[in-house]
Each structure stands twice: as C-alpha cells, then as structure tokens.
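Comments concern the structure below.
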Amino acid sequence: MRFLPWRYSFWRPLAAGVLTVALSLGFFVGVTKAWRADPRVPFCYDGDGLMVLLWAKSLCDGAWYLHNDYVGAPGGLDFHDFPLADNLHFGLLKLLCLATHDYGLAVNFQFLLTFPLTAVIGLFVLRCLRRSYPTAILGGLLFAFLPYHFLRGHCHLFLASYFLVPMTALLAHWVYLERPWSRRRVFGSIAVCALTASSGLYYAFFGAYLIVIAGLACAWRCRRWRPLAIAIGFCFLIGFGVTLNILPTLLYQRQHGPNPEALDRRFEHAEVFGLKVAQLLLPTTGHRVPWLADLKARYNATPELLVNENDHASLGLFGSIGFLALLAGLFVRKRPALSRDRWSALVVLNAAALLLATTGGFGAVFNLLVGPWIRCYNRMSVYLAFFAIAALCQLLDAARRRVGSSFRVKSAFAGIAVLLTLLGVLDQTGTTPEFKPLYGRLKQRFERDAALIAPMEETLPAGSMIFQLPYVPFPEQPLVEGMGGYELLRGYLHSRTLRWSYGAMKGRDTDLWQRAVADRPAHELITVLFAAGFNGFMIDRAFFSDGAAKLESEIAYVLGRAPFTSADSRYAFFDLTPYRSEHHGISSEVLSPILVRWENGCGPLEGSSERNFRWCAARAELTLLNTTGRERIVVLEVRAETAERERSMFWIEGPLLTATMELNSAGANFSRTIAVPPGRHSIQFLCGCNRAYAQRDPRRWVFKVTSLRVRDVVR
C-alpha cells in the first residue's frame, strides 16, 4: 500500500496545501488584527510569556538555552534542573534567532508558523484517513484555530506548537487498524516517534498512551499479540527519544545531585488540572456571541469548580458535535454509512483519551501509583479535538455520499465546507486579548522598559551585575502582591551587557545565597553587594505593599543618595559604583552566609515581599550549608504557626539541636545559638497538629513557617 493516500496528479495535493496555507495565514491576520502589530514587539509580554522570551534571548545571546550568564548572577542560570523535551521547538527558535537576530521577531514568527504547519499537517493526516479534499481542508483549519491555540499563544509557545499531534494520532490509527507495515510506513512511523519525543513531554506521553491503547484494542479484536508488540515498540522509541532530550538534566543531576525544590509536582495536580467534559463543550472564553460569553464567564466565576488552565480545552461548536458523535458511537453498533474500522478507531481512541485526562480518571491513578510528572491532563484536549474534527469530517463525507456524487453535489458540498470553515473559525475565536493582543499597550510597555535600561547600560561597565529586589524564587513562583515572578526578567530582556540576579535556579547554591543576602538589613545588604562585585541594584516597587518606601529610605540613608526612578515610577535603581572604594576588608562570613535549603515536606515560598511564608507537612526538613571550611556560630530564629487555636506539640530535632515547644494559630518564636561545622546539616521539624484546610488547595499542609533567619554571632 502506498504511503500517500491519493492517486491523483501532483498538482491537486499541492494546490490543496497552498490553499490551506493561504487560508490559515489569512484567518490569522483577520482574527489577530496583525497589521496593527510591531513585529519586533512580542505578542505576549507578561506571565509565562516572559519565560519564553528568556529562552529566545538566551538562544540569541549564546549557543543554547540550558545556561545563561546574564541572569542568575553571580553564578548564572543553569536550566538543567527543569527538564524539557522540546528540542524540536528550541531548534526551530534557534534558527529563527540566527535569521532575524531579534528574539521578539523570532518568537512572533514562530507563533505565526504554527498555524499553517498545524493546518497543513491536519490536511495531510485527514487525507491519509481517506477524507475528501473539502472536508480535509475544513478539518485542518478548524484544528489549527482551536481556542487552545490562542489561549496558549506566545505565553505557552511550545504547547501552542501542537502541529505533530495529528501525525501521532495517525500512527495510533494505523496500529488500531493493523495496516501493512511497508518500508515507507515503518520509516515514516519512526520519524513521527522521534519528532513527537522532541515536541514536549505532554504530547509525547499522551501519544504513547494512545498508541498502547490502539495496540491493546487491536490485539483483543484480532486475538493476536503482534499489534500490541508493535505499539510497545513505538512507545519505546518515544520514551528513548524523550530520554535523549532530557539527558543533559540526568547527567547534570548525577554530577551535582538532585534538586527537589526546582519542580513542584504532586499527584493531586492531576485532579486540580484535570480535564472536564463541561469545559470541552462550553464555548470559548470571550466568545463573540455575548450570551455565550456570559454563559462561560458565569461558569468560570464559580470558585468551587477549580477553573484554571483547563479553561483552554473548549472544542468549539463543530468539535463538540464530533465529540458527542464519538461518545454516541460507544453505544450505536450499526453504522451502515460509515467506514466501520476508521470510525471505531476514532471511537476507541476518543474514549481512551477522555478516561485518562478527565478529573478522577486514569491520570490521577497513574500519578498516585507511578509518579506526578504529568500534572496538567487537560492538555489532552488537543488530541480529543483532532478525533472530534476527524469524526465530523467523516460524518460530512458520509452525508455527501448519500446525496450523490455528481458535479453539482460536489460543488455544493465544497461551498458548504467553505461556509462551515468560516463559521467554525469565528466560533472558535473570541474577542479577548489572547485572540487580539492589545498591540498599543504592548509596544508602550516594551519601549518604556527599554528606555529604563538604556541609560543604565551607558553608565555601567560591560558585565556589571545588578541585584534585584525583592528576592523571588525561579521558576514557577506563586504570585507575590498579585505579580508573577517572571516580571523580574524584563531588565535582562532589554539589556545586552548587564548581568541580573533574578533567574538563579531555586534550590541551587546561587539561589540560596541570594535568599540569605536579600533578607539582611540595608547596611549589611549593601556591604555584601559591594564585596560580591555588584555595581547596582534595582527595586521593583510593584512587589511591595508600601511601594518599597521603607526599603528605599533605608538604602538611600546608607548611600546618601536617592535612587533613579523609571518614567512610570515602578522601578528604582541605585548605582553602587561611586561607593565601592569606601568598603574594604569584608569578612568571609559576610560573603558566605549559611545557606538554608527547604527540602522534604516543604511548600514553595508564598505571600508578599514583606511577609512571606511557606507551608509544611507534618514532617519537614531544613538543611544548613556551611561553605566556609570552618565552624560558624550562628543564631537560628524561627517563627511558626498552625491553623488551629488548640495548641499542638512542635519538635525540632537534628544533630545540631533538639527542642520542643507548643504551637497554635497565634504562632510561637524559637531562637537558639548553635555551632554549625563545615558541610551539610539537617534539621527536622515535626508537628502534631491536624491538617490545615484551605479553599481550592488540596495540599496536605500542617504548619506554616512565617519567618526563618540565620545570622552570624559577632565575635
């Protein structure tokens, strides 16, 4: 059997492909109003989009994204602790950076490319499934313009690059149908596995799961083990490819040790970020029809429903029709007008995908029994969308065959396909900024930030380090005063020669040093920064409830000079170079404070810059690192509290100290002078209180540490 599904001339598929590309670009421009955009200003300039811009600028500034000396000063950023199986997308972004020499233009262009790529590959796969050209073009365009595509957008650029999903779905389809495995088909399948393994962990995991399900279903139907063996072989190829993608992480952690603080992954995330059928069927957020937009807004406004990124899963009207038809296919046996094998493949794969991804489904069981690495099962909605659109196309073709095959019928059917395409794209796209970015505001903010950094680069020597306040862990930090941590990347994005403190991988030594330094009083902070080689520091006032007024007054008093402020009064910058010559003879204790690492049983840092805290389980572990090579005498100060009025016992145990006290919601302070020998030392915290319950938070936390400080005893 030939690898290509058609036996027509070369020009017909070429014309279909060109038409699909042209329509996808035209629809993109029409939906996003792209003519209003400055192509060098990123379409997404906040939230997780700043992380994507960090990667893009890293690729422009250096060889690869895994290390960057311009962020995470003084040690630099090592991204190895955050495993990513996205080398296909990084490679494409690197090529665009080399071609454009501008990270904003490269990111914008890559996002634009995802639309024609997705549409054309969708067209190709639907033709492989024997769909007619009108329905295949319709299906490819509907799949390319899913609400998911825009709602992910630039902020989750690699998730929006789901153009390989149809190919992986086709491979599962072939396994289910037990197609003859010719040489071309085998090599094509191996290429699909390799590309899927390099296009993101989620799509690779979901694809491998569907291939196994297809193999199991075929083996059960045919009473032979060969289909299952083939499916397992493809899954092995995908798993091997994913391992190669994350091999730098594995080698790095083998050399430097694991870093459990870098990733917050728990089995209950499968429930929090699970897929819900209601969100598949409801209209997209910000729908063009007001009453549909209000309906979705009312659903999203209900706090008990755990609405988060699973809001991106909407299938649209036509996708919902196909999805419901596939669910009905589980109960309807007679399908005389349909190709039974292909239809049953869609029915089985759709049901399997839904059972894995839905809240309380197989995904939750997998996370509990195997591991919590896959937490956002709502992202399976892309596979469900393709199955639904493929089903819709099959139903349309079946309806056309019933009417007839004359030229008039085919022409009318093509016109109907065009109309359905227009209606579908309008239905699946909305009016929110995810669909139509606010280009004027983006450009204004982008240029304002650039205007702040430009004079700093002119004043400071190349390679100067800038310490940023407040300290915010990187990456994946909860909101602080309503601000995302990635906001602190803006300085790096607009500089070429300066080095910035934000961006050190949390849990590693540079990050721990930054935590210890940022917690010091203003005069000690300035002294340490002098000694460590920093030439200035910048304060983001938006992270402080008082606009950083208290902190700035203390620093201005020590330095004897007011800061330079940005045009919008958000940032304050202190230049330290005039005062460097006044400070000499800094002790090693000042430069090398005791490093504090929260490990087993501890949650991430939360709260505001002035009052932050972290929740802990009934048993939590704290590690003290003395890197100076000699014993240090320090004062350990801890303040903790529970969520209950009743007092509970609280134990502190370890080789350095042992203590007991009572704890309740009023909190209690603990202070002890201890000797810390060189090396790593563990302290255990144990609390006998009941679990604290919080709305929309399934974590099993027991007590909260509201303050911890380790300070040297002056001798």
| Pulled fully out, how much extra length does the chain show between Val635 and Arg254, if you take 0.36 nm times their separation in residues and subtract their Cα-Cα distance? | 133.8 nm
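Are there GluC sites (Glu not before Pro) in the stretch 613-715 that DSSP marks as loop and that have at most 11 other Cβ atoms within 10 Å, and which are they? Before the final figure, lay out each step's value.
On the way: sites: Glu621, Glu631, Glu637, Glu641, Glu644, Glu646, Glu653, Glu662; in loops: Glu631, Glu644, Glu646.
Passing both the DSSP loop test and the Cβ count: Glu631, Glu646.
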| remark: Whole-Å distance linking the alpha carbon centroid of the stretch 21-95 with that of the stretch 199-232 is 33
| Charges only on Cβ, +1 for Lys and Arg, -1 for Asp and Glu: so what's the dipole of the chain about the Cα centre, in debye to the nearest 20? | 4120
| note | Candidate cut points under trypsin sites (Lys or Arg not before Pro) in the stretch 107-169, DSSP loop plus at most 15 other Cβ atoms within 10 Å of their own Cβ, are Arg130
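Which whole-number value in Å² is the accessible area per residue of the stretch 173-318, probe 1.4 Å?
48
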| task | Report the accessible area of Leu423, computed with a 1.4 Å probe over the heavy atoms of all protein chains in place, in Å² rounded to the nearest 10. | result | 90
| field | Signed unit charges on C-beta, dipole axis of the chain, positive-most listed residue Cys602, Ile238, Pro563 | value | Ile238
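Could you put Met505, Met649 in order of accessible surface area, largest first, with the 1.4 Å probe and the full protein assembly present? Each step should come with its number before you reach the end.
Numbers: Met505 5, Met649 75 Å².
The ordering from most to least exposed comes out as Met649, Met505.
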| field | Folded to 0 to 90 degrees: helix 201-222 orientation relative to the chain principal axis, Cα | value | 40
| message | Using helices alone, I'd like the mean residue ellipticity at 222 nm for the chain: each DSSP H run of four-plus residues gives -39500 (n - 2.57), total over residue count, nearest 500. | response | -15000 deg cm²/dmol
| Angle between the chain longest axis and helix 381-403 axis [Cα atoms, degrees, rounded to 10] | 10
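Probe of 1.4 angstrom, ligands and nucleic acids ignored: what's the accessible area per residue over the stretch 356-477, in square angstrom? Please report the intermediate quantities before stating the final value.
Details: 5310 Å² over 122 residues.
Accessible area per residue, the stretch 356-477: 44 Å².
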| If each of Leu324 and Val713 carries a label point 7 Å out from its Cα toward its Cβ, how far apart are those two points in nm? | 7.4
| Accessible carbon and sulfur surface of the chain relative to its total accessible area, %, 1.4 Å | 61
| message | To the nearest 20 Debye, how big is the dipole of the stretch 183-342 about its Cα centre, given +1 on the beta carbon of each Lys and Arg and -1 on that of each Asp and Glu? | response | 1340
| task | Using only protein heavy atoms and a 1.4 Å probe, report how much of Ile416 is accessible, in Å² to the nearest 10. | result | 90
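Filter the chymotrypsin sites (Phe, Trp or Tyr not before Pro) in the stretch 197-242 down to the DSSP loop ones having no more than 11 other Cβ atoms within 10 Å, then list what survives.
Qualifying residues, ordered by number: Trp225.
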| request: Taking all protein chains together and a probe of 1.4 Å, list Phe613, Phe158 from the most accessible to the least accessible. | output: Phe613, Phe158
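What FRET efficiency, computed as 1/(1 + (r/R0)^6) with R0 = 51 Å and r the Cβ-Cβ distance, is obtained for Asp294 and Ile246, rounded to the nearest 0.05? Walk me through the numbers on the way to the answer.
Details: r = 44 Å, r/R0 = 0.86.
Approximately 0.70, to the nearest 0.05.
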| Ignoring ligands and nucleic acids, what accessible area does Val710 show with a 1.4 Å probe (Å², nearest 10)? | 30
| remark: Simple spin-label estimate for Leu177/Ala399, 7 Å along Cα→Cβ, in nm, reads 2.3
| note | Rounded to the nearest 10, the angle in degrees between the Cα long axis of helix 247-256 and the longest principal axis of the Cα atoms of the chain comes to 20
| note | XL table Lys550/Lys704; Lys57/Lys443; Lys276/Lys296; Cα-Cα > 21 Å flagged, in table order, is Lys550/Lys704
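Report the full-extension gain for the segment Leu419 to Trp35: residue separation times 0.36 nm, less the Cα-Cα distance, to one decimal in nm.
On the way: separation 384, 0.36 × 384 = 138.24 nm, distance 2.48 nm.
Result for the pair: 135.8 nm of gain on full extension.
The values are calculated or read from the model by the stated rules, or taken from the named source; none is laboratory data. These numbers come from a predicted model, not from an experiment. No Cβ is skipped: glycine too gets one built from the backbone with ideal geometry, and neighbour counts run over all protein chains shown. In case anyone asks, the SASA skips ligands and DNA or RNA and just uses the protein heavy atoms, side chains included. Shrake-Rupley method; radii C 1.70, N 1.55, O 1.52, S 1.80 Å.
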